[in-house]
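**Student:** Okay, handing you the structure first.
The values are calculated or read from the model by the stated rules, or taken from the named source; none is laboratory data. Computed from a prediction, not measured in an experiment: that's the story for all the values here. Glycine also receives a Cβ, built like all others from the backbone with ideal geometry; neighbour counts cover every protein chain displayed.
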Amino acid sequence: MGFGRGSDGEWDVTGAGHVPGVAPAVELSDVRRSYGRGAGTVHALRGIDLSLPSGSFTAVMGPSGSGKSTFLQCAAGLDHPTSGSVRLGGTEITGMNENQLTALRRSRLGFIFQAFNLLPSLTVEQNVLLPLRLAGGRATAGGPARAAALLAQVGLEGKGHRRPGELSGGQQQRVAIARALVTRPDVVFADEPTGALDTTTAAEVLALLRGAVDSLGATVVMVTHDPAAAAHADQVLFLADGLIADRLPRSPAHAVASRMTTLTHPAAAA
């Protein structure tokens, strides 16, 4: 089981890896997000500066209330920063209206959530093809073949006719990964994608995300609380009080956990 694209740009289940582009996939410049007014103002993000290259896998961690969810929402165009700039694939999204953001999310972004968010009334294949249909009905001649190839790549060959309720949790998350990749997005945003899975199944799902980065040149930004999940990433960003407090290059789970401990318990770093 592996990822790859053919020379025509279609999914190739046996081909070699895709060479990542050089343009940053995600750029945040002095991004701030506040909620409320006056003395009750909550500063969720206090000035995030970040540039993530295409074809990279970034994990975002931090204590509760550190700004992880707000960071993901602002970076993905699901929330508007109070100030600052967000660029996705070279496109400035900060000033976009909701219709423009919806079109961008449908065609250029992929999303993976802890709860899978599959539509139970649709088949597995229809769930995978849904982003293409929402993006303008482009799931025509090549769509079913692309869905079938992706399902084979995530280990679900021959299961496109089934409903999500007939699959295990791990299999449903595999469907969600295929759905996130079907539009060949600039960035895949994953919010606790293994939080509802057992340890073995979580490792399999993370290996699929790692393979999408290494072989497809996909860009993945994943919020997680699990050091074992973060250990699959090229780098780990640690948020604290709405700021990037630290970062680690790809590191084993125990090193990630140790760094998280110093964020959660600052006295441990003294």
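**Student:** Before we move on, is residue 173 surrounded by 21 or more Cβ atoms within 10 Å (Cβ to Cβ) and of a type in the set (S, T, N, Q)? First the steps, then the outcome.
**Tutor:** On the way: surrounded by 21 or more Cβ atoms within 10 Å (Cβ to Cβ): yes; of a type in the set (S, T, N, Q): yes.
Yes: the conditions hold for residue 173.
**Student:** From the list 107, 69, exactly one residue is touching a residue at least 40 places away in the same chain (Cβ under 8 Å), within 23 Å of residue 239 (Cα to Cα), out of contact with any Leu (no Cβ under 6 Å at 6 or more places or on another chain) and polar (S, T, N, Q). Which is it?
**Tutor:** Exactly one residue qualifies, and that residue is 69.
**Student:** Of all residues in region 108-130, count the ones that are of a type in the set (Gly, Ala, Ser) and either under 17 Å from residue 158 (Cβ atoms) or in contact with a strand residue (DSSP E or B) (Cβ under 8 Å, 6 or more places away or on another chain) (or both).
**Tutor:** Total meeting the criteria: 1.
**Student:** I've got another one for you. What's the number of the only condition in (1) within 27 Å of residue 180 (Cα to Cα); (2) modelled with pLDDT of 90 or more; (3) not β-branched (Val, Ile, Thr) that residue 21 fails to meet?
**Tutor:** All conditions pass for residue 21, except number (2).
**Student:** Against the condition within 17 Å of residue 234 (Cα to Cα), in a helix (DSSP H, G or I) and either charged (D, E, K, R) or touching a helix residue (DSSP H, G or I) at 6+ places or on another chain (Cβ under 8 Å) (or both), how does residue 213 come out, does it pass?
**Tutor:** Taking the combined requirement at face value, the residue does not satisfy it.
**Student:** Can you tell me which residue in region 206-255 is modelled with the lowest pLDDT, limited to those that are of a type in the set (S, T, N, Q) and surrounded by fewer than 23 Cβ atoms within 10 Å (Cβ to Cβ)?
**Tutor:** 215
**Student:** Go through region 48-97 and give me each residue that's of a type in the set (Asp, Glu) and either surrounded by fewer than 16 Cβ atoms within 10 Å (Cβ to Cβ) or closer than 25 Å to residue 248 by Cα (or both).
**Tutor:** Across region 48-97, the qualifying residues are 49, 92.
**Student:** Evaluate the following for residue 183: is it within 29 Å of residue 52 (Cα to Cα) and surrounded by fewer than 16 Cβ atoms within 10 Å (Cβ to Cβ)? It would help to see each step written out before you state the result.
**Tutor:** On the way: within 29 Å of residue 52 (Cα to Cα): yes; surrounded by fewer than 16 Cβ atoms within 10 Å (Cβ to Cβ): no.
No, not satisfied.
**Student:** State which residue is farthest from residue 184 (Cα to Cα) when the search covers only region 71-107 and only residues that are of a type in the set (D, E, K, R) and part of a strand (DSSP E or B).
**Tutor:** Filtering first and then ranking leaves 92.
**Student:** Just one of the numbered conditions (1) surrounded by fewer than 17 Cβ atoms within 10 Å (Cβ to Cβ); (2) modelled with pLDDT of 95 or more is not true of residue 261; which one?
**Tutor:** For residue 261, the failing item is (2).
**Student:** Of the numbered conditions (1) of a type outside the set (Phe, Trp, Tyr); (2) part of a helix (DSSP H, G or I); (3) surrounded by fewer than 16 Cβ atoms within 10 Å (Cβ to Cβ); (4) touching a residue at least 24 places away in the same chain (Cβ under 8 Å), residue 200 satisfies every one except a single condition; which is it?
**Tutor:** With (1) of a type outside the set (Phe, Trp, Tyr); (2) part of a helix (DSSP H, G or I); (3) surrounded by fewer than 16 Cβ atoms within 10 Å (Cβ to Cβ); (4) touching a residue at least 24 places away in the same chain (Cβ under 8 Å) applied to residue 200, the lone miss is (4).
**Student:** Do we find that residue 157 is without any contact (Cβ under 8 Å) to a residue 24 or more places away in the chain and either closer than 15 Å to residue 116 by Cβ or not small (Gly, Ala, Ser) (or both) in this structure?
**Tutor:** yes
**Student:** Would region 242-264 turn up any residue that is among the acidic types (Asp, Glu) and more than 23 Å from residue 54 (Cα to Cα)?
**Tutor:** Within region 242-264, none of the residues are among the acidic types (Asp, Glu) and more than 23 Å from residue 54 (Cα to Cα).
**Student:** Looking at region 108-164, which of the residues that are out of contact with any helix residue (DSSP H, G or I) (no Cβ under 8 Å at 6 or more places or on another chain), among the hydrophobic types (A, V, I, L, M, F, W, C) and in a loop (DSSP other than H, G, I, E, B) is nearest to residue 69 (Cα to Cα)?
**Tutor:** 115
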